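> Sharing a structure with you now.
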Amino acid sequence: MPRTKTVEMSETNWVQCDQCDRFEMYENTGIKGKFDSAAIAKKKFICRLCNMDLDMKEIKEENANLKCRLTAAEGLLAVKNKSYSDMLRVEIEKDRAELKSELVGLVQSTAAAGSEESQSKVVEKLVAKAVAIRSDEDFEVERRKKNIIVYRVEESSSAEPETRKAADTSFFKDLFEGPLALGQVQDSMTSIIRLGRRAENNSVRPMLIKLRSEEVKSKFMAALKRLKGAEDRFKRISVAHDLTVNQRAAVKEAVTKAKQDTDTKPQSGNWVYRVTNHQRNPRVTRIQR
């Protein structure tokens, strides 16, 4: 609690700061009413210098927050200036370079480590690195698992972003509440984003759709079969999971194997091979024609 003192010669009353223990004249404290030592003892008092320190701390925190938001905005702007294929290509090349560098470093470190103990430390570092990479991948998989990528949805030719966004929202409203019969779109979706930069030839950009839950996504994917008898604008769309680079590579490998199995395995004339479980562990499944 703040303590008080009175300088009798000048009849000046002082109140002590709870934070720094400095004294400040009562008239400058902002405390209302006449000076009452007993009443002031029950109140918390922070002097002007300490309040300035608190204000500066808040300003620094807000400044740091603004810098983070600015960096994020710059990142989004950079993404908008790249096509989807360009972003994918850069991401793959980056992963390749990092992997190559890690493998070279591992070989060099293992060769330089003379004792078993030194070699064991090299292996421990590699394991720690692998765990970190796996954690990053798991985070990305978790972040994307409610999303879908939708292709061949006609894009508005308007120069106004808000007009184009309104057209996309209207399309999905009609899709959800119409042929898919999934109820109101606002109950199912959180955002709609066109991927890549608008092209001069008016090519249609794919769309990233963020759904509210995995349950909504499952219902959406199951309802796609209803589009067979829908309008052409709905029937021509195609839908894919939002996969990481590693997931896409695994699916591509599985698709190649499925095609080979269909063409080469005995009795393949009666069977086709399809890739299932795209998101978690892609595998080839045999299905009768």
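Every number here is computed from the coordinates shown, using simple stated rules; none is lab data. These figures come from a predicted structure and were not determined experimentally. Counting neighbours? That spans all protein chains shown, and the Cβs are built from the backbone with ideal geometry, glycine included.
> What are the residues whose amide H is under 5 Å from the amide H of ARG22, where those residues sit 5 or more places off or on another chain and H is modelled from the backbone?
Result for ARG22 returns CYS17.
> Then there is this: On full extension of the chain, what length is gained from LYS173 through VAL141, given 0.36 nm per residue of separation minus the C-alpha to C-alpha distance?
Numbers: separation 32, 0.36 × 32 = 11.52 nm, distance 2.71 nm.
Roughly 8.8 nm would be gained on extension.
> Give, as a single signed number, the net charge of other residues whose beta carbon lies under 12 Å from the beta carbon of LYS217, with Lys and Arg counted +1 and Asp and Glu -1.
Working: positive: ARG144, LYS145, LYS146, LYS210, ARG212, LYS219; negative: GLU214, GLU215, ASP242.
In short, +3.
> Which ³J(HN,Hα) values, rounded to whole Hz and listed in residue order, are derived for segment 198-211 from phi using the Karplus coefficients 6.51, -1.76 and 1.60 in 6.51 cos²θ - 1.76 cosθ + 1.60 with θ = phi - 60°, glycine and proline given as x?
For segment 198-211, the Karplus-derived couplings read 4, 9, 5, 8, 6, 5, 7, 7, x, 10, 9, 10, 9, 9 Hz, x marking Gly and Pro.
> Also: How high is the FRET efficiency between SER191 and THR276 when r is their beta carbon distance and R₀ equals 30 Å, given to the nearest 0.05?
Values: r = 28 Å, r/R0 = 0.94.
Calculated transfer efficiency: 0.60.
> Something else now. Subtract the Cα-Cα distance of LEU54 and SER218 from 0.36 nm times their separation in residues, and report this length gain in nm to one decimal. List each step's numbers first, then the result.
Working: separation 164, 0.36 × 164 = 59.04 nm, distance 4.95 nm.
Computed gain between LEU54 and SER218 is 54.1 nm.
> Same structure again: What residues qualify as long-range amide H neighbours of THR244, i.e. H under 5 Å apart, gap of 5 or more or another chain, H built at 1.01 Å from N?
Those lying under 5 Å, H to H, from THR244: there are none.
> Pairs of alpha-carbon atoms within less than 8 angstrom and 6+ residues apart define the contacts here; what relative contact order does segment 245-288 have, in percent? Display every interim value, and only then the final one.
On the way: 52 pairs, mean separation 16.7, N = 44.
It rounds to 38 percent for segment 245-288.
> Let me check I've understood the local charge: for ASN147, count other residues with C-beta under 12 angstrom from its C-beta, Lys and Arg +1, Asp and Glu -1. What total comes out? It would help to have the intermediate numbers written out before the result.
On the way: positive: ARG143, ARG144, LYS145, LYS146, LYS210, ARG212, LYS217; negative: GLU140, GLU142, GLU214, ASP242.
Once positives and negatives cancel, what remains is +3.
> Near the amide H of SER156, under 5 Å away, which other amide H atoms are found, from residues 5 or more places off or on another chain, if H is placed in the peptide plane?
Counting only residues 5 or more places away or on other chains, the set is empty.
> Still on this structure: Enumerate by residue number the GluC sites (Glu not before Pro) in segment 133-212 meeting two conditions: DSSP loop (anything except H, G, I, E, B), and at most 15 other Cβ atoms within 10 Å of the site's Cβ. Show your work: numbers first, answer last.
Values: sites: GLU137, GLU140, GLU142, GLU154, GLU155, GLU162, GLU177, GLU200; in loops: GLU154, GLU155, GLU200.
Listed in order of number, the matching sites are GLU154, GLU200.
> Can you give the relative contact order of segment 147-241 as a percent, counting alpha carbon pairs under 8 Å and 6+ residues apart? Let's see the in-between values first.
On the way: 125 pairs, mean separation 40.2, N = 95.
Relative contact order here is 42 percent.
> Separation between the THR71 and SER238 pseudo-spin-labels, each 7 Å from Cα along Cα→Cβ, expressed in nm?
Placing both labels 7 Å beyond Cα along the Cβ direction yields 3.8 nm.
> Same structure again: Provide the net charge surrounding ALA258, with neighbours chosen by a C-beta distance below 13 Å and charges set as Lys +1, Arg +1, Asp -1, Glu -1.
Values: positive: LYS252, LYS257, LYS259, LYS265, ARG274, ARG283, ARG286; negative: GLU253, ASP261, ASP263.
Every neighbour counted, the sum reads +4.
> Measuring from label point to label point, each 7 Å out along Cα→Cβ, what is the LYS225 to THR163 span in nm?
So the two model labels end up 4.1 nm from each other.
> Sticking with this structure for a sec: Using Cβ counts within 10 Å as a stand-in for footprinting exposure, how do MET56, MET189 rank, fewest first? Mind showing how you got there, number by number?
Numbers: MET56 10, MET189 20.
Lowest count first: MET56, MET189.
> Report, in listed order, any pair from LYS67/LYS146; LYS145/LYS217; LYS145/LYS259; LYS145/LYS219; LYS173/LYS210 with a Cα-Cα distance greater than 18 Å. Walk me through the numbers before you get to the answer.
Values: LYS67/LYS146 29 Å; LYS145/LYS217 9 Å; LYS145/LYS259 26 Å; LYS145/LYS219 14 Å; LYS173/LYS210 14 Å.
Check vs 18 Å cut-off fails for LYS67/LYS146; LYS145/LYS259.
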